[in-house]
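Engineer: Shown below is the structure under consideration.
The values are calculated or read from the model by the stated rules, or taken from the named source; none is laboratory data. Here the structure is a predicted model, which means the values were calculated and not measured. So basically every Cβ, Gly included, is an ideal-geometry build from the backbone, and we count neighbours across all protein chains shown. Note: areas computed on protein heavy atoms with side chains; ligands, DNA, RNA excluded. Shrake-Rupley method; radii C 1.70, N 1.55, O 1.52, S 1.80 Å.
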Amino acid sequence: MTRFDARLAPDQPLWMVFHQNSKWRSMEWTEVRRRAAAPVRMERPSAWQFRRRPFLALPEPLSSDGLSASLRHTLLARRSAREFAGSPLRWEETSTILWATAGLLPADGAEHRRRTAPSAGARYPIETFFWLPTPPDGRGHGPYHYEPSRHGAAEMLPEPTMPLSGLLAACAYPALVERAGLLIVLAAVFERTAEVYGGRGYRFVLLEAGHMAQNAYLAGAALGLGAVALGGWDDAALDAALGLDGVHASALYAVAIGRPKG
C-alpha cells in the first residue's frame, strides 16, 4: 500500500513527503479492513536479542490510595519538570508508573487483555524499557525491559553494555536525566503495525507512543512527582544500548520522572 510520489521529492520537506505518501486511497480500504480483521497475535517475536538477569516481579500498582486524585486535578497538576531532586523512587511508584504507561487492564471476560493505552488494531508495537538513574535498594541502573503480561522486568545485558555514563553521554540533557528516579524509553517494532496498515501504520506507531507518554505524565502527576518528555538523543547509541537494530526497531520517545527539586 505504501507508494512514493516523485512529485514531492527532493525539493519538498521530508515531513511533507512522508505525510502525502502515507495517505490511503479509497481503493485501499478493502485491503486494510481485511488485514485489520485478521486474528490478533498478541505475542510476537522480539526484533532484538539480549541476555537478561533473572526476572524481577514488581509490586502491585498503587490502588486508589495512591491514584485517588480526580482527573481534573491531575491534568491541572501536570507540568514538565526541569529539575529533579536526585533521590530514588519507591518501587511501588515505579511499578505504578510502568503499569499506567504500558500495563494490562483486567480481563473482564475479554478474549485478549487490553492495555492502558490504545493501539491501532491491538498490534502493540511499542516495547517499554527503563533505566533507574538513582536506583533504590542497590539495584543496577539498567536498562530494564518491562513485560506487561507478568508486570515485571528484567535487567538487560546487551553487548557491549552501556554504563550510566554512556546513557548520559547519549542524552541531550544529561544533567536532568542523571537526577531522575526513572527514565522510560518507548521503542517501536514497526512491522507489527505496518504489516496491517502499510506506510500509514508509521503514523499510528508515533501516536501510540504519545498516548503512552501522556499516561506516564499523568501517573507521575497523580503521585506528586515531576515528569518531562524527551526526544533528543544519539539514536545509534541508544538503540545499541537496548539491542535494537535501529531500522526494524528503534527508540522513539522517552519520559524522565523524579521527585521535584525544592
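Engineer: Sort out which residues of the range 94-105 are outside any loop (DSSP other than H, G, I, E, B) and open to solvent by 10 Å² or more (accessible area, probe 1.4 Å), and write them in order of number.
Structural biologist: TRP99, ALA100, LEU104 - these are the residues of the range 94-105 that are outside any loop (DSSP other than H, G, I, E, B) and open to solvent by 10 Å² or more (accessible area, probe 1.4 Å).
Engineer: Give the number of residues within the range 106-118 that are at pLDDT 90 or above and surrounded by fewer than 20 Cβ atoms within 10 Å (Cβ to Cβ).
Structural biologist: The number of residues fulfilling the criteria is 2.
Engineer: Next question. Out of the range 81-120, which residues are among the small types (Gly, Ala, Ser) and touching a Ser or Thr at 6+ places or on another chain (Cβ under 7 Å)?
Structural biologist: Within the range 81-120, GLY86, SER87, ALA100, ALA102, GLY103, ALA120 meet the criteria.
To keep it simple, each residue is scored yes or no on (1) under 19 Å from the mean Cα position of the chain (by Cα); (2) surrounded by fewer than 17 Cβ atoms within 10 Å (Cβ to Cβ); (3) among the hydroxyl-bearing types (Ser, Thr, Tyr); (4) under 17 Å from ALA213 (Cβ atoms).
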| position | (1), (2), (3), (4) |
| --- | --- |
| HIS151 | yes, no, no, no |
| GLU155 | yes, no, no, no |
| ALA175 | no, yes, no, no |
| GLY181 | yes, no, no, yes |
| ALA187 | yes, no, no, yes |
| ARG200 | no, no, no, no |
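Engineer: Could you list, in sequence order, all residues of the range 232-245 that are farther than 11 Å from VAL185 by Cβ, of a type outside the set (Asp, Glu) and either touching a strand residue (DSSP E or B) at 6+ places or on another chain (Cβ under 9 Å) or open to solvent by 50 Å² or more (accessible area, probe 1.4 Å) (or both)?
Structural biologist: Hits for the range 232-245 are GLY232, ALA236, ALA240, GLY243.
Engineer: Moving on. Return yes when THR134 is modelled with pLDDT of 90 or more, closer than 16 Å to ALA227 by Cβ and touching a helix residue (DSSP H, G or I) at 6+ places or on another chain (Cβ under 7 Å) and no when it is not.
Structural biologist: For THR134, the condition - modelled with pLDDT of 90 or more, closer than 16 Å to ALA227 by Cβ and touching a helix residue (DSSP H, G or I) at 6+ places or on another chain (Cβ under 7 Å) - is not met.
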